[in-house]
Amino acid sequence: MSVTAPPARRAGSSGKGIRRGEAAAGWLFTAPALIILGVFLLVPVLMALWVSFSDWSGRGSPLSSDVSFVGLDNYAAVTTGGGLAERDFGISLRNNAWYVLLVVPLQTALSLVLALLVNRAILRGRGFFRTAFYFPSVTSSVAITVLWLFLFSTSGVVNDVLSWIGINGPNWFNDPSGVIHNALASFGIQSGPETLTANSFLGLSFWDWLAGPSVAMSAFIFMAIFTTSGTFMLLFLAGLQNVSPDIQEAAMIDGANAWQRFWYVTLPQLRPVVFTVVTLGLIGCWQVFDQIYTGTQGAPGKTTLTPAFLSYQSAFISQQWGEGAAIAFILFVIIVAFTVLQRWVLRERKVSRRRIRQYQVNPAIVASSSAEAGR
Amino acid sequence: MARHHIRTAVGAGALGVVAALTLSACGSGFSDGGGTADGELTSSEDGITVLIGSSGDAETTAVEEAVAAWSADSGIEASVQVANDLAQQLSQGFAAGTPADLFYLSTDAIAGFAANGSLQAYGDMLANKDDFYPSLVENFTVDDTFYCAPKDFSTLALIINTAMWEEAGLTDADIPTTWEELDAVAAQLTTADHVGLAFGAEYQRIGTFMAQAGGGLVEDGQAVADSPENVEALDYVKGHLDDGTFAYAADIGTGWGGEAFGTQKAAMVIEGNWITGAMSNDYPDVDYVVAQLPAGPGGQGTLQFTNCWGMAADSPNQQAALSLVEYLTSTEQQLAFSAAFGPMPSIQSAADQWRSDNPELVAFLDGADYAQFPPNQQGASDVIADFNAQLEGLSSGDSQTILDSVQSNLEATLG
């Protein structure tokens with residue numbers, strides 16, 4: 001019997017045979033998607049990139065001959081201009097940074113907890129809870145924002161409930177004070193030390209950077225956690241169902257308790273899911289727009305202004321199209337930077353020496369025990 | 001690898017074709033230019049599109065009927081579109097080169113659109129040009145060019161709850177004409193259930209106090225925000241926010257002054273003509289009177305707000321649009337609009353008729369004699385937005401510091 005290796009298929013020699021024209025067919029089938037993505041995604045993005053380097057004023061085509069290249073002027077106006085544009089950008093970054101800092105870890109933790117709960121085989125009515133937790137995610141964010149405005153109004157349900165336990169609730173969506181400043185004020189600290197108030201970054205003093213999210217922004221933070229945890233719960237649930245029960249069983253036989261099984265066995269296997277959830281969370285949080293647009297439009301005191309909304313406002317309301325596009329691309333860079341950073345943080349590390357030692361078996365014991373076995 | 005290379009080549013080629021197709025397609029959609037630079041109006045057989053930002057059904061119906069009547073009269077097709085986000089829809093139209101022919105245009109937006117050449121200035125061509133109130137004409141004058149016809153206007157006045165007024169033992173003679181009298185009645189009207197005077201935390205209300213103190217934001221093109229008069233005005237407001245006789249609408253759990261007044265959380269509010277519509281629709285049981293705002297150390301002062309009928313530079317039929325504007329701003333038509341949805345006619349020839357039609361609202365029209373208007377320079381609306389953000393923290397802030405920052409922002413904007 002002679003064994004012949006199957007001939008290697010090469011796209012370059014696709015002149016004959018049943019696979020002739022395969023590549024062309026492939027392109028034909030992907031063409032609709034490519035064209036749609038190109039027309040509605042790639043080209044607009046490239047045009048926006050051009051606008052961010054141009055002096056386009058919002059009338060006629062940005063590619064026409066009377067629009068000229070102005071280099072980094074638009075980027076300079078929002079980062080080093082020293083005017084209102086820079087300050088607004090600084091404020092929006094401050095607001096959004098606090099939003100991200102609170103929403104991403106909390107929603108990741110909450111969605112993981114929810115997934116662990118509904119993944120337990122003994123839980124009654126699992127289907128019901130899964131649906132209930134997922135429900136906010138399928139509701140339009142506009143509808144939820146309107147609901148939130150009612151719930152968190154001065155005389156709304158939330159403040160009513162707080163009053164039952166003797167708390168005089170804040171004037172949520174009208175309170176521009178930062179929660180960290182408020183906390184410090186309750187210890188009698190009304191203004192920051194000279195080093196923080198005298199120096200500033202992007203037109204905002206460091207003391208103001210540390211104000212924390214405003215009370216109004218906090219309401220949006222609750223809302224983001226409430227609405228997105230369901231979606232991410234679903235991702236974690238899918239991940240959990242891929243974790244083989246054999247490994248759990250093996251860990252149990254080794255004497256691991258529930259917490260150790262979760263922390264040393266389950267969670268490391270969920271690493272790709274955690275990466276996905278944190279990445280999606282970061283992107284979504286840095287781009288927060290519709291809640292702001294329908295809810296507060298940046299009020300009170302600009303403390304719910306976000307870069308995405310500021311970009312819209314600069315372009316469409318103030319007719320500063322270049323600055324608006326520049327803000328959008330700075331936001332893009334921020335998101336990419338954060339994604340790369342957390343990819344690095346969540347990378348697969350080599351097991352450290354110290355950790356290896358924990359698993360190493362002492363040769364002396366092995367020798368003696370095998371000697372015993374040999375007897 | 002050969003296979004890899006071919007793929008890349010085909011991929012790049014396909015993307016290139018897509019990009020080229022798209023760009024050429026876009027190119028035909030964007031038409032450059034259009035408006036004539038020398039001020040001649042275009043003329044064609046094209047119909048007219050009117051884009052409005054409506055306050056409600058009453059306004060939409062009134063404008064639709066008026067435009068339909070003009071259309072039947074002139075034989076030129078005309079349609080009305082109601083924008084749900086006027087600024088955005090206007091911007092889109094201008095960028096695409098296919099804007100509406102006529103549209104509502106606010107004093108905030110005029111400088112930006114005038115600067116990029118989107119607007120056709122037609123003010124000086126209006127047959128009824130001299131009939132408009134001069135201060136309204138000034139509102140829509142950018143770089144000494146009168147751009148567009150004011151469509152109507154509103155001023156701010158003091159709205160007083162009659163029942164609470166009588167309950168506090170006050171009479172018509174007590175209607176405040178000075179800040180001292182305002183102090184007194186506000187204190188008398190403040191109870192556990194309601195405050196004396198409420199208004200929104202914004203320059204568009206608090207600016208009346210600045211005007212009454214003799215201040216303002218811009219004078220002869222120069223920023224004057226940090227003047228001692230303005231400081232005095234903010235200190236006055238701050239003092240009363242602190243003693244509880246004045247309150248911001250938001251701080252008593254309402255969205256704006258009209259809601260604070262309608263829900264009886266405030267005995268008096270500073271609001272404009274639009275409050276009459278809200279009161280009859282939402283709070284028909286609350287009786288009120290409209291009085292002029294009291295005079296401060298600098299005399300009487302209020303603010304006026306207006307929109308104009310903007311005309312697109314890219315409109316193919318500007319002559320027809322001009323004739324439609326003249327129709328819509330005629331005495332008869334403005335009185336009809338006023339009856340339908342509230343604002344005051346922008347022309348002086350309609351004033352007497354309006355006074356006799358609306359005897360209880362004349363305080364609004366009286367305000368036109370001494371009203372200031374928010375600065376209309378490009379970028380000024382951003383400065384005012386920032387000012388408003390700081391005014392929300394007025395009771396814990398410092399008037400001078402706030403006004404200093406407004407001054408530096410305004411100076412940067414006015415250049």
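A short reminder: the numbers here are calculations on the coordinates, not readings from a lab. Every value quoted in this text rests on a predicted model; they were computed, and no experiment measured them. Cβ placement follows ideal geometry from the backbone for every residue including glycine, while neighbour counts extend to all protein chains displayed.
For the reader, a short list of remarks on this structure follows.
- Our coupling estimate for the stretch A:108-118, obtained by passing each phi through the Karplus curve with A = 6.51, B = -1.76, C = 1.60 and θ = phi - 60°, is 5, 5, 5, 5, 5, 4, 4, 5, 5, 5, 6 Hz, Gly and Pro reported as x.
- Here the stretch B:184-331 has an Rg and Dmax of 19.1, 61 Å, counting Cα atoms alone.
- Near B:Leu156, the amide H atoms lying under 5 Å from its own belong to B:Leu303; only residues 5 or more places off or on other chains count, and H is placed 1.01 Å from N.
- Percent of beta bridges antiparallel (DSSP, the protein assembly as shown, rounded to nearest 5): 65 percent
- Simple rule: put +1 on each Lys or Arg Cβ and -1 on each Asp or Glu Cβ in the protein assembly as shown, find the dipole, and look at B:Gln378, A:Gly71, B:Pro359; the Cα lying farthest toward the positive end is A:Gly71.
- Magnitude of the charge dipole for the stretch A:89-248, about its Cα centre and with charges confined to Cβ atoms of Lys, Arg (+1) and Asp, Glu (-1), is about 560 debye.
- Comparing A:Gln241, A:Ile180, A:Ser52 along the charge dipole axis of chain A, the residue lying farthest to the positive side is A:Gln241, per the Cβ-charge model.
- Peptide B:381-393 - average C-beta neighbours from other chains (10 Å radius): 5
- Sequence-distant residues sharing a close amide H with B:Tyr288 (under 5 Å, placed H): B:Thr162
- Relative contact order of chain B: 25 percent, from C-alpha pairs under 8 Å at least 6 residues apart in sequence.
- For chain A, projected area of the alpha-carbon convex hull averaged over all directions, nm²: 35.9 nm²
- Fewest-first ordering of B:Glu232, B:Glu181 by other beta carbons within 10 Å of each residue's beta carbon gives B:Glu181, B:Glu232.
- Under the Debye formula (equal points on every Cα, no solvent term), log10 I(q)/I(0) of the stretch A:158-219 at q = 0.21, 0.24, 0.27, 0.30 Å⁻¹: -0.87, -1.01, -1.13, -1.19
- Exposure proxy order (Cβ contacts within 10 Å, fewest to most) of A:Leu310, A:Leu282: A:Leu282, A:Leu310
- Nearest-20 debye value, the protein assembly as shown charge dipole, Cβ charges on Lys, Arg, Asp, Glu: 8340 debye
- Mean partner shielding of peptide B:95-103, defined as the number of other chain Cβ atoms within 10 Å of each residue Cβ, is 2.
- Peptide A:32-45, shielding by other chains (average Cβ, 10 Å cutoff): 3
- Using the Karplus relation 6.51 cos²θ - 1.76 cosθ + 1.60 with θ = phi - 60°, the per-residue 3J(HN,Hα) values for the stretch B:406-411 come to 5, 4, 5, 5, 5, 4 Hz, with x marking Gly and Pro.
- Cα pair distances of the stretch B:96-205 binned at 10 Å [whole percent]: 11, 30, 18, 18, 17, 5, 0
- The H on the amide N of B:Gly53, modeled in the peptide plane, is under 5 Å from the matching H of B:Ala83, B:Tyr104, each at least 5 residues off or on a different chain.
- For the stretch A:322-328, Karplus couplings with θ = phi - 60° (6.51, -1.76, 1.60), whole Hz, Gly/Pro x: x, 5, x, 5, 4, 4, 4
- Counting other Cβ atoms within 10 Å as a rough exposure proxy, the listed residues B:Asp193, B:Asp287, A:Asp175, A:Asp208 run B:Asp193, B:Asp287, A:Asp208, A:Asp175 from fewest neighbours to most.
- Multiplying each eigenvalue of the alpha-carbon gyration tensor of chain B by 5 and taking the square root yields semi-axes of 43, 28, 21 Å, largest first, rounded to whole angstroms.
- Dividing the helix sum by the residues of the protein assembly as shown, where each DSSP H run of 4 or more adds -39500 (n - 2.57), gives a mean residue ellipticity at 222 nm of -16500 deg cm²/dmol.
- Isotropic mean projected area of the C-alpha convex hull, the protein assembly as shown (nm²): 51.3 nm²
- Stokes-Einstein D in µm²/s, Kirkwood radius over Cα pairs - the stretch A:196-334 at 20 °C with 1.002 mPa s viscosity: 116 µm²/s
- Highest-first arrangement of A:193-203, B:214-224, A:289-299, where packing means the average Cβ count within 10 Å: A:289-299, B:214-224, A:193-203
- Calculated FRET value between A:Phe40 and A:Phe332, using beta carbons and R₀ = 25 Å, to 0.05: 0.90
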